[in-house]
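Q: Please read through the structure below; I'll follow up with questions.
The values are calculated or read from the model by the stated rules, or taken from the named source; none is laboratory data. Just so you know, these numbers come straight off a predicted model, no measurement behind them. No Cβ is skipped: glycine too gets one built from the backbone with ideal geometry, and neighbour counts run over all protein chains shown. Calculation scope for accessible area: heavy atoms of the full protein, side chains included, ligands and nucleic acids excluded. Shrake-Rupley method; radii C 1.70, N 1.55, O 1.52, S 1.80 Å.
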Amino acid sequence: MKFNTKQDIRSIAALLDCKITGNTEILVTGINEIHMVEPGDIVFVDHPKYYQKALESAASVVLINQEVPSPEGKTLLIHPTPFKAFNFLIEHFVSQLPNKEAKVHPTATVYPNVFLGKNVTIGEHCILHAGAYIADETTIESHVIIGPNSVIGHDAFYYQKKDAAYNRLISCGGVHLKKNVEIGALCTIDRGVTGITHIGEGSKIDNQVHIGHDTQIGTNVLIAAGCGISGCVEIGNDVTIWGQVGMASGVKIADGATILGQSGVTKNISEGTEYFGTPAGPAKQKFKELAFLRNHVNL
Amino acid sequence: MKFNTKQDIRSIAALLDCKITGNTEILVTGINEIHMVEPGDIVFVDHPKYYQKALESAASVVLINQEVPSPEGKTLLIHPTPFKAFNFLIEHFVSQLPNKEAKVHPTATVYPNVFLGKNVTIGEHCILHAGAYIADETTIESHVIIGPNSVIGHDAFYYQKKDAAYNRLISCGGVHLKKNVEIGALCTIDRGVTGITHIGEGSKIDNQVHIGHDTQIGTNVLIAAGCGISGCVEIGNDVTIWGQVGMASGVKIADGATILGQSGVTKNISEGTEYFGTPAGPAKQKFKELAFLRNHVNL
Amino acid sequence: MKFNTKQDIRSIAALLDCKITGNTEILVTGINEIHMVEPGDIVFVDHPKYYQKALESAASVVLINQEVPSPEGKTLLIHPTPFKAFNFLIEHFVSQLPNKEAKVHPTATVYPNVFLGKNVTIGEHCILHAGAYIADETTIESHVIIGPNSVIGHDAFYYQKKDAAYNRLISCGGVHLKKNVEIGALCTIDRGVTGITHIGEGSKIDNQVHIGHDTQIGTNVLIAAGCGISGCVEIGNDVTIWGQVGMASGVKIADGATILGQSGVTKNISEGTEYFGTPAGPAKQKFKELAFLRNHVNL
């Protein structure tokens, strides 16, 4: 999430009523969670296990629950509950965003019972079928089709566990569907937590597919019905994913890969390869394993 | 399903025009199918294979298609088609329920195109996103979020097979979501057939998850996208279920268990264990099996 | 798709401004893609790999991108881009169909926010729950139930790949649900590309099930939650399919077969057999394989 105008870090420290160390002259441009962080951003961390990752990230400001040495040029905000403070900042800056009505191009077709959130843009010749739900901060380029009752931009499934209970990180990111994307019926494409979930030009998604928050999908990707792609996944161009495939959070699929039906992808997949199985491996290897098993039992 | 007022068993026998044996003085308090039956209830049975189970159940009255000795203190209703008679009783007593309009707390947010059935209660600070469907007999406590186009309380998938055809048992149960439950987009949580489907306090459910009729889920349970939990499942507290997991009808998952992605659970799982595979077994064992296979084929 | 009136093939050649060879006297009755083609139909083919299949099909007219010898009695339309020409014909003849308003039997119950397309028929005593979406060219016989937010008749997921991009074949087929069919919540049943997707009498489908275009399902078939059935699948009568099963395009399942949960069916299944696994095999064999593996690792 980017702010409307740059913010003086001292005014943010004042807002949170917290101690500030390191570079106190910085102007902050936005707020992001660790997977999407960029220079100018505030990020948060509240567990020593992840301190180093946050401190070495691209973030200019780290909201942290313990006083540690500040990396050169960076700012630390010391707060007892960084997660709560981060949610507080999201609510504060979201409330300051201009709440523009959805901007729907006159050549687009919007069927009955479509829900359009705030700051939504619908491009030329789009078709939004009946019952489609388009949440706040969704950008849809031209010639995109959204199937009936599909849900674009709902909140990320992203919780912090504390004393056995789960606390929701407030989603303030968005979804960006490039031109010629087609989404079937009853799909869900979650908004980024603080960044943007992207579907690349010309990609086609069948019915009942789930795409998690902040996932990045390239151009001309084909995803068959019933797939579940977790959050923060990166899928290249020209990838083909058959039905009911699952992917764990954060995996990277290189260009031209093929994932066979019902596979469960838990590791990165390299360019042009064919994968199969749960957990997924190179398809040839997996088919050999199945043949071995079949032959041994038939003996 | 509980009746508004206790019913004289002889008046019910008269309603069904059927023979009554055993205790004819009983006052009946409700009607339940075999998995949810309690003292005071009528239950039905129409296959000798299940006679004993029904006769020994907690039910006070057994609607049965053959004259058998009545257990001490219990009542038998002898009817040629107990399934039809049971559906008849459900329709009769449901029609006598007060049809109260949905009671929505003024602090709750109900977005457009939300459907609210009869005898629905929505608690403080709930959010029902656009297109959500809340069926009859649903109770939602405070601070619950229902995602867009999700369906809470639709009828159970529960049929009796007779001469190759399937006859629906009419659902008269409900759903009860405890406080701080969060349900994603495009989920289905079926109502109990005659009892209540429960989701415990603080449990979080991702998108496109299905929960079957009469299933009982504990507190702080996490269910990732694409899972399919059958009817009559019992899930304890602090259970974590990763994406696309399936569970067979009636399995019991003890507190603190973890089920890895795409597993298919067919047996009970004990406390704190990690399970994987289809059918699911202890994850360590399953990973060893996969390694064995991989090594044998690489040789 | 059948035309309203028979069409002179020379007028169609004129419409496409293309060369015609072979039988130029033929009257054309409709247009179909290769899986559903019947005598009187136009079919298209644009890859030499599939020329023979198209030329030997039941089609009376083949729209093709190269001049080849015309089979006896058949007509060839030679066009540089048969796929585009085929889409052009579909749009042309769909625009000539009478656009009748949905015909809903007075005994049917239609809840709020139901979308009804053109040329839809809803039979006696049907129940369409809130948010259900019924697309153009859907025929629903009597006593059918459609669950909340289910989508019947959305476009086929059917693309032609050209220079890495995917081009949609315009769907002009329909869906036909026979009497006593019951469809759960959040299901998708796609319309045929040019033909009809059928669900046979008395079949019952649980929540979150996907049925692809042109699939043919028999009578009294039971499909549990979360299944994904591809396009052009043929399922016989009295088949039972447990939860989260997937089926590849074009497989045939004979009468009385049972497919166990989470199986992935990639080959035809014969009458009365029980299948399991991904890819699915006879269940007994698959269970033996699992036992072999378990025993070898425990040693």
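Q: If you scan segment C:138-166, which residues turn out to be among the aliphatic types (A, V, I, L, M) and more than 8 Å from chain A (Cβ to nearest Cβ)?
A: C:140, C:144, C:145, C:146, C:152, C:156
Q: Next question. Conditions first: (1) open to solvent by less than 40 Å² (accessible area, probe 1.4 Å); (2) within 13 Å of chain C (Cβ to nearest Cβ); (3) farther than 18 Å from residue A:266 by Cβ. Residue B:262 passes all but one, so which condition is the exception?
A: (3)
Q: Before we move on, is residue A:292 of a type in the set (A, V, I, L, M, F, W, C), within 14 Å of chain C (Cβ to nearest Cβ) and more than 25 Å from the chain's Cα centre (by Cα)? Working first, answer last.
A: Values: of a type in the set (A, V, I, L, M, F, W, C): yes; within 14 Å of chain C (Cβ to nearest Cβ): yes; more than 25 Å from the chain's Cα centre (by Cα): yes.
So residue A:292 passes the test.
Q: Of the residues that sit in segment A:96-118 and are more than 14 Å from every other protein chain (Cβ to nearest Cβ) and in contact (Cβ under 8 Å) with a residue 24 or more places away in the chain, which one is surrounded by the fewest Cβ atoms within 10 Å (Cβ to Cβ)? First the steps, then the outcome.
A: The initial filter retains those residues of segment A:96-118 that are more than 14 Å from every other protein chain (Cβ to nearest Cβ), namely A:96-101, A:103-108.
Right, trim to in contact (Cβ under 8 Å) with a residue 24 or more places away in the chain and you get A:96-98, A:105.
Details: A:96: 10, A:97: 16, A:98: 7, A:105: 13.
Taking the candidates together, the pick is A:98.
Q: Then there's this: Can you tell me which residue is nearest to the chain's Cα centre (by Cα) among those in segment C:68-95 that are open to solvent by 30 Å² or more (accessible area, probe 1.4 Å) and among the hydroxyl-bearing types (Ser, Thr, Tyr)?
A: That would be C:95.
Q: Sticking with this one: Yes or no: residue B:285 at the interface with chain C (Cβ under 9 Å from one of its Cβ atoms) and more than 19 Å from residue C:276 (Cα to Cα)?
A: For residue B:285, the condition - at the interface with chain C (Cβ under 9 Å from one of its Cβ atoms) and more than 19 Å from residue C:276 (Cα to Cα) - is met.
Q: If you don't mind, another one. If I filter segment A:181-195 for residues that are over 19 Å from residue A:220 (Cα atoms), in the same structural domain as residue A:139 (by TED's automatic domain parsing) and charged (D, E, K, R), do I get at least one hit?
A: Yes: one or more hits.
Q: Go through segment C:229-259 and give me each residue that's in a strand (DSSP E or B), under 20 Å from residue B:247 (Cβ atoms) and at the interface with another protein chain (Cβ under 9 Å from one of its Cβ atoms).
A: Scanning segment C:229-259 gives a single hit, C:246.
Q: One residue is enough: does segment B:269-278 have a residue meeting the conditions in contact with a Pro (Cβ under 9 Å, 6 or more places away or on another chain), in a loop (DSSP other than H, G, I, E, B) and over 17 Å from residue A:278 (Cα atoms)?
A: Yes: segment B:269-278 contains one or more residues that are in contact with a Pro (Cβ under 9 Å, 6 or more places away or on another chain), in a loop (DSSP other than H, G, I, E, B) and over 17 Å from residue A:278 (Cα atoms).
Q: Next up: May I ask you to say which residue of C:90, C:64, C:78, C:122 is free of Cβ contacts under 8 Å to residues at least 24 places away in the same chain and within 18 Å of residue C:10 (Cα to Cα)?
A: Criteria check complete, one pass: C:64.
Q: Considering segment A:224-242 alone, what residues qualify as being more than 21 Å from residue B:184 (Cβ to Cβ), open to solvent by less than 30 Å² (accessible area, probe 1.4 Å) and of a type outside the set (A, V, I, L, M)?
A: A:236, A:240
Q: Identify, from the list A:135, A:130, the residue that is within 13 Å of chain B (Cβ to nearest Cβ) and without any contact (Cβ under 8 Å) to a residue 24 or more places away in the chain.
A: Going through A:135, A:130 in turn, the sole match is A:130.
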